[in-house]
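Engineer: What follows is a structure written as structure tokens; I'll ask about it next.
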Amino acid sequence: MQPLRWEYRPDGLRAPALVCAFKGWNDAADAASSAITFVGRALGAQRFATIDPEEFYDFQATRPRIKLVDGHAREIVWPEVELYEARIPRAPRDLILLTGSEPSFRWRTFGKLVVELAEAIGAQLVVSLGALLADVPHTRPVSVTGLTSDPALVARLGLTQSSYEGPTGIVGVLHAACQQAGLPSASLWAAVPHYIAAAPNPKAALALVRKLEGLVGVAVDASELEIAAGDYERQVNVAVQSDPDVQAFVERLELAAESELGEEPGSLPSGESIARDLQRFLRQRGGEGEGPSGA
């Protein structure tokens, strides 16, 4: 059985860009998955295909869920990669959105499948969204780094060219597959404060949406996400100001960001202990383990 399962084939797409985001390792604070979900909802995207999970997922790591149908019948919902089309008549192009959890197995096969899909629908550009943990303060604008097969895009969008070397995830593998196929591609990464990474970060999601708009030429009404980002920052500010150790840690990160010296926090508490204390405070304020509201 073919892993790509069409519900219908979208016709007449105009210079489409394929935008991808995956939950998991590539998705610190749910920023990338929140960004693509918000874009799909804002543009009224419709699902047209899925990728069967059988050969790509470890179901002990990404477990299926049980849900009740009509209040009594039990149904298994398997993890899937879903594909949506978003037609934007007043924009220069339409979008295809691909979202799901990071696959466990056969990454090269998965990357080839996505490239073949992109070519089948006539995609002119593939864009991946990601988010990573970094020593950055939540009070500063979110830094978005970019990796692209077209260096001119980096300069035009004001991105910081990534110099990262090290372990990668499906986003890196997919970008490499596009390069090998000669398919233009770009990867956008938002930097997320590591001390508050357990809570969804709508501020980082908003930064990814804004960079995506400039890259693909599609405008999104992000007022809802802007409100969520403002609420998030206010809640984190209250949490930080309630603890002198946390506040000192964040101030040190702010100084490092301004001077670009990247000094170690010295005798200040570790980032791990700061994160634990801050998460405990936010749970107490929100109740039932809730952190700052996300998209």
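Engineer: Please list, ordered by chain and number, the residues whose modelled amide H lies under 5 Å from the amide H of PHE48; skip anything fewer than 5 residues away on the same chain.
Structural biologist: Result for PHE48 returns LEU83, TYR84, GLU85.
Engineer: While we're looking at this one, here's another question. Report the extension gain between GLU254 and ARG106 in nm, rounded to one decimal, defined as 0.36 nm multiplied by the number of residues separating them, less their alpha carbon distance.
Structural biologist: Extra length from GLU254 to ARG106 when fully extended: 49.2 nm.
Engineer: Shifting gears a bit: Is the C-alpha gyration tensor of the range 86-157 telling us rounded, prolate or oblate? Criteria: a/c under 1.5 is rounded; beyond that, a/b larger than b/c is prolate, otherwise oblate.
Structural biologist: Because a/c hits 1.5 or more and a/b fails to exceed b/c, the range 86-157 counts as oblate.
Engineer: Another question about this same structure. Given the protein chains as shown and a 1.4 Å probe, how many square angstrom of ASP221 are accessible, to the nearest 10?
Structural biologist: My reading of the accessible area for ASP221 is about 110 Å².
Engineer: Here's a follow-up. Once phi is turned into θ = phi - 60°, what whole-Hz ³J(HN,Hα) does the Karplus curve with 6.51, -1.76 and 1.60 give for every residue of the range 231-248, x standing for Gly and Pro?
Structural biologist: So the Karplus estimates, Gly and Pro as x, are 4, 4, 5, 5, 5, 5, 4, 4, 5, 5, 5, 7, 9, x, 5, 5, 4, 5 Hz.
Engineer: Now a separate question. Where does the range 67-214 land on Rg(C-alpha)/(2.2 N^0.38 Å)?
Structural biologist: Normalised by 2.2 N^0.38 Å, the Cα Rg of the range 67-214 equals 1.18.
Engineer: Still on this structure: In nm, to one decimal, how far is the modelled label at SER149 from the one at ASP221, with both set 7 Å along Cα→Cβ?
Structural biologist: Taking the two extended label points, one gets 3.5 nm.
Engineer: Can you give me the long-range amide H partners of THR148? Hydrogens built in the peptide plane at 1.01 Å from N, cutoff under 5 Å, separation of 5 or more residues or another chain.
Structural biologist: SER187
Engineer: Taking semi-axes √(5λ) of the Cα gyration tensor in Å as the quantity of interest, determine which of [x] 43, 21, 16; [y] 37, 22, 19; [z] 33, 24, 18 was computed from the displayed structure.
Structural biologist: Working out semi-axes √(5λ) of the Cα gyration tensor in Å from the coordinates points to [z].
Engineer: Check VAL127: other-chain or 5+ apart residues with amide H under 5 Å from its amide H, H built from backbone geometry?
Structural biologist: LEU18, VAL19, CYS20, ALA186
Engineer: Continuing with this model, one more query. I want to verify a result. In a Gaussian network model of the chain, Cα cutoff 10 Å, which of these has the top mean-square fluctuation: GLU254, GLU75, GLU233?
Structural biologist: Judging by the Gaussian network model, the answer is GLU75.
Engineer: So, one more: Please give every one of the lysines within straight-line cross-link reach of LYS112, meaning a C-alpha to C-alpha distance under 30 Å, and leave out same-chain neighbours fewer than 8 residues apart.
Structural biologist: Candidates past the 8-residue exclusion: LYS23, LYS211.
The values are calculated or read from the model by the stated rules, or taken from the named source; none is laboratory data. This one's a predicted model, so the numbers in the text were calculated from it and none came from an experiment. Quick reminder, even Gly has a Cβ in these numbers, built from the backbone with ideal geometry, and neighbours come from all protein chains shown. Just the protein is used for accessible areas: all its heavy atoms, side chains included, with ligands, DNA and RNA removed. Shrake-Rupley method; radii C 1.70, N 1.55, O 1.52, S 1.80 Å.
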